[in-house]
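Just so you know, all these numbers are worked out from the coordinates, no wet-lab data involved. Given the structure is predicted, the values throughout are model-derived calculations rather than measurements. Reconstructed Cβ throughout: ideal geometry from the backbone, glycine too, with neighbour counts over all protein chains shown.
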Amino acid sequence: MHAFELHQPGSVKEAVALLGEGEGRPLAGGQSLVAAMKLRLASPQRLIDLGQIQALRGIRREGNTLVIGAGTRHAEVAASAEVQQALPALAYLAGEIGDVQVRNMGTLGGSLANNDPAACYPAAMLALNATIQTDRRSIAADDFIVGAFETALAADEIITAVHFPVPERAAYIKFSNSASRFALVGVFVSKGAGGVRVAVTGAAGHAMRVTQLESALASDFSAAAARAVQVPAEGLSSDMHASAAYRAHLIPVLAARAVEKALG
């Protein structure tokens with residue numbers, strides 16, 4: 001690993017100022033960035049450690065919205081009684097990320113900002129129609145993802161919290177890569193005041209909504225309706241783990257299981 005400067009600001013304002021000076025990268029849980037630095041796939045001159053900023057952590061309920069600080073660890077989300085009561089699908093998702101080490105270090109904001117094509121949180125963000133709050137603005141879920149490992153965030157912009165509307169029903173099912181625990185395909189289904197939303201991760205260059213499934217489930221929120229949808233393989237990923245055709249097959253299968261789970 002190359003040499004770098006480490007800064008540990010105590011506030012969001014200080015962190016943003018440091019990032020604005022250039023050649024720096026924010027460090028959340030470090031589960032992706034540090035690994036990339038070890039492999040020399042990333043070589044920032046300065047790391048801005050967000051781990052000391054207490055204002056970025058915490059979970060609270062505001063009416064029909066669950067607000068989770070960007071610095072909140074996956075393990076904290078999974079273990080939170082507030083999340084388990086209001087949005088059990090999100091608690092389950094957090095508890096299925098990586099291994100114990102990853103869950104105790106990785107953060108919600110870090111996962112969304114990194115936007116790995118197979119990460120779980122981007123699917124939850126899209127399916128739940130979340131709002132991403134940063135140090136300067138609010139970003140709608142559908143506007144947040146730009147491409148693989150790309151988001152709408154500016155280089156010196158920091159996620160401070162994520163606002164998740166509490167749905168009537170929701171569930172997440174993931175078919176995991178047995179080695180990495182990333183999603184080969186993961187499907188998050190929700191039904192709420194805004195209708196039915198279905199988001200998939202692991203199947204393409206980034207998490208995405210599947211409108212065919214949303215339309216089918218809006219008419220008939222049942223496992224059979226989800227299973228009957230045919231998802232085209234065009235545009236999906238093919239790699240050593242699975243072909244695009246296999247991923248296309250998995251999407252409605254996992255969506256049907258998610259609907260069954262959501263219905264209880």
(request) Kindly write out, for the range 227-238 in residue order, the coupling ³J(HN,Hα) from the Karplus curve 6.51 cos²θ - 1.76 cosθ + 1.60 (θ = phi - 60°), rounded to whole Hz, with x marking Gly and Pro. (result) 5, 7, 6, 9, 9, x, 7, 4, x, 8, 7, 10
(request) With N denoting the number of residues in the range 1-49, provide Rg(C-alpha) divided by 2.2 N^0.38 Å, to two decimal places. (result) 1.10
(message) Counting only Cα atoms, I'd like the Rg/Rh figure for the range 123-172, Kirkwood definition for Rh.
(response) 0.99
(request) Compare the peptides 40-46, 166-172, 195-201, 97-103 by average per-residue count of other Cβ atoms within 10 angstrom and give them in order, highest first. (result) 195-201, 166-172, 97-103, 40-46
(message) Give the separation of the Cα centroids, the range 53-98 to the range 177-225, in Å.
(response) 20
(request) Under a 10 Å cutoff between Cα atoms, tell me which one of L39, L108, L93 has the largest fluctuation in the Gaussian network model of the chain. (result) L39
(request) Subtracting the Cα-Cα distance from 0.36 nm times the residue separation, let me have the gained length for D99 to H2 in nm, one decimal. (result) 32.2 nm
(message) If packing is taken as the average count of other Cβ atoms within 10 Å, what order do 179-186, 110-117 fall into, highest mean first?
(response) 110-117, 179-186
(request) Report the residue, chosen from G24, G202, G109, that carries the largest GNM mean-square fluctuation when the chain is represented by alpha-carbon nodes joined by springs under 10 Å. (result) G24
(message) Going Cα to Cα from K261, which lysines come in below 24 Å? Please leave out same-chain ones fewer than 8 positions away.
(response) K174, K191
(message) Tell me the volume per residue, in Å³, of the convex hull enclosing the alpha carbons of the chain.
(response) 119
(request) Show the residues, 5+ positions off or on another chain, whose built amide H is closer than 5 Å to the amide H of T134. (result) I139, T160
(message) Skipping prolines and chain starts, which residues have an amide H placed within reach, meaning under 5 Å, of the one on V185, given they are 5 or more residues away or on another chain?
(response) F175
(message) Tell me whether the range 48-107 comes out rounded, prolate or oblate; compute the Cα gyration tensor, take square roots of the eigenvalues as a ≥ b ≥ c, and use a/c under 1.5 as the rounded threshold.
(response) oblate
(request) Convert each backbone phi in the range 142-147 into a coupling constant with the Karplus relation 6.51 cos²θ - 1.76 cosθ + 1.60 (shift: θ = phi - 60°), then list the ³J(HN,Hα) values in order as whole Hz, x for Gly and Pro. (result) 5, 9, 7, 7, 9, x
(message) Going by average Cβ density within 10 Å per residue, which order do the peptides 67-79, 140-152, 209-221 take, highest to lowest?
(response) 67-79, 209-221, 140-152
(message) Given N residues in the range 169-263, what is its alpha carbon radius of gyration divided by 2.2 N^0.38 Å?
(response) 1.00
(message) In whole Hz and in residue order, list the ³J(HN,Hα) couplings for the range 51-64 that follow from phi through the Karplus curve 6.51 cos²θ - 1.76 cosθ + 1.60, θ = phi - 60°; x for Gly and Pro.
(response) x, 8, 8, 5, 5, 8, 10, x, 9, 8, 9, 10, x, 9
